[in-house]
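I have placed the structure first, in the form of structure tokens, so that the comments after it can refer back to it.
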Amino acid sequence: MKYIDIEVNDYIGLITINRAEAMNAMNSEVIGELNSAVKKRVDDDKVGVIIITGAGEKAFVAGADIKAMQQMSSRQALEFSREGQEMTMTIENSPKPVIAAINGFALGGGCEIALACDIRIAAENAKFSQPEVALGIIPGWGGTQRLPRLIGKGRSIELIAGGQMIDAEEALRIGLVNHVVPQDQLMDKARSLAQTILRNGPAAVGAAIRCIHKGFDQTLENALDIELNEFSELFETDEQREGTTAFVEKRKPNFR
Ligand code: CO8
């Protein structure tokens, strides 16, 4: 892959978006590579948690490639938006938790990639915005939908209609990120969170995340049905037997 670096260690699949000359901005090629890198980590038995970050210390992702969008027709824009939405759906649908380690600018499509992840950790220098309206466009990779689901409608309208940049502390205050840490501790924090998750049953972790994502927009009744099904299906797995037996036998479970 030209724009994506991959490292797999201790069941953590680290995906680094690496297009340093353009602040890791995403053109079609980078979108396709990120989509396929996430799919491959989902299929990899040696990966239990995925971390997505950007190369360098300035940018996570500075958005979709504005130069590529400059001359797009409406049909091409539809296709570009669809590619980005597919990529963010691949991230959101991953049964393995995806952590965004946000090491700098997360603007436009970069913020939308972070929004599609399950957990967001920001370095102190991270900056966030949905600045699309300043370019005469709108977020097209899920920002108008995922941002209000995460931080509420009022704050989302202020950020999307205003296009202003906010810093990591403000992002923490409004619930856009889970943690803010000094830049040199970002990857340690992401890895330590990944290791906490990796102690648990992988099928159970996947099922829990599916329940949260799939149930979120449903009525409580329908969402509880989703939980019921996921809960009972885990009783067909070795994992449920191992987890409960380990408790009874007063030992640590061996899930992997
Ligand atoms: N696209 C293309 N190139 C970019 C982008 C980008 N989004 N961001 C930065 N670059 C390039 C710059 O053009 C520059 O290249 P060059 O040296 O060839 O001129 C290089 O990266 C370095 O950038 P700067 O010199 O500007 O670095 P600064 O440190 O001065 O500024 C910023 C960094 C603040 C990140 C600044 O580059 C910036 O504002 N970038 C644009 C941010 C932005 O508006 N992002 C939103 C894009 S729109 C979007 O993401 C929509 C997603 C949905 C699409 C739907 C499809 C239809």
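The values are calculated or read from the model by the stated rules, or taken from the named source; none is laboratory data. All values derive from a computational prediction rather than experimental measurement. So basically every Cβ, Gly included, is an ideal-geometry build from the backbone, and we count neighbours across all protein chains shown. Note: accessible area is taken over every heavy atom of the protein model, side chains too, but ligands, DNA and RNA are not part of it. Shrake-Rupley method; radii C 1.70, N 1.55, O 1.52, S 1.80 Å.
Overview of results
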{"item": "Whole-Å semi-axes of the range 137-223's equivalent ellipsoid (Cα gyration tensor)", "result": "26, 23, 10"}
{"item": "Loop-located GluC sites (Glu not before Pro) in the range 189-256 whose Cβ has at most 12 other Cβ within 10 Å (DSSP)", "result": "Glu249"}
{"item": "Accessible surface of Asp43 - all protein chains present, 1.4 Å probe, nearest 10 Å²", "result": "120 Å²"}
{"item": "Long-range amide H partners of Phe60 with built H, under 5 Å", "result": "Asn103, Gly104, Phe105, Ala106"}
{"item": "Ratio of the Cα radius of gyration of the chain to 2.2 N^0.38 Å, where N counts its residues", "result": "1.04"}
{"item": "Residues Thr245 and Met89, FRET efficiency given R0 of 41 Å [Cβ-Cβ distance, rounded to 0.05]", "result": "0.65"}
{"item": "Rg/Rg_globular for the range 63-203, with Rg_globular taken as 2.2 N^0.38 Å and Rg from C-alpha atoms", "result": "1.07"}
{"item": "Calculated FRET efficiency for the pair Thr144/Ile66, C-beta based, R₀ 22 Å, to 0.05", "result": "0.75"}
{"item": "Solvent-accessible surface ranking, highest first, for Met165, Met26 at 1.4 angstrom", "result": "Met165, Met26"}
{"item": "Amide N proximity, the range 32-72 versus Glu79 label position 7 Å along Cα-to-Cβ, cut-off under 12 Å", "result": "72"}
{"item": "Selection of GluC sites (Glu not before Pro), the range 98-200, meeting DSSP coil and at most 14 other Cβ within 10 Å", "result": "Glu124"}
{"item": "Helix 186-198 vs. the chain, principal-axis angle (Cα, 0 to 90°, nearest 10)", "result": "30 degrees"}
{"item": "Distance-filtered residues of the range 179-206 - backbone nitrogen under 11 Å, label point 7 angstrom along Lys252 Cα→Cβ", "result": "199-200"}
{"item": "Selection from Asn254, His213, Ala64 lying farthest towards where the dipole of the chain points positive, charges on Cβ", "result": "Ala64"}
{"item": "For the range 225-249 and the range 121-181, distance of Cα centres in Å", "result": "37 Å"}
{"item": "Acute angle (nearest 10 degrees) that the helix 202-215 long axis makes with the longest principal axis of the chain, alpha-carbon atoms", "result": "50 degrees"}
{"item": "Solvent-accessible area, 1.4 Å probe, carbon plus sulfur percent, for the chain", "result": "53 percent"}
{"item": "Straight-distance crosslink candidates among lysines, where the alpha carbon sits under 20 Å from Lys127 and sequence neighbours closer than 8 are dropped", "result": "Lys58, Lys189"}
{"item": "Over the chain, relative contact order from alpha-carbon pairs under 8 Å, at least 6 apart, %", "result": "15 percent"}
{"item": "GluC sites (Glu not before Pro) restricted to DSSP loop in the range 13-95 with at most 12 other C-beta within 10 Å", "result": "Glu57"}
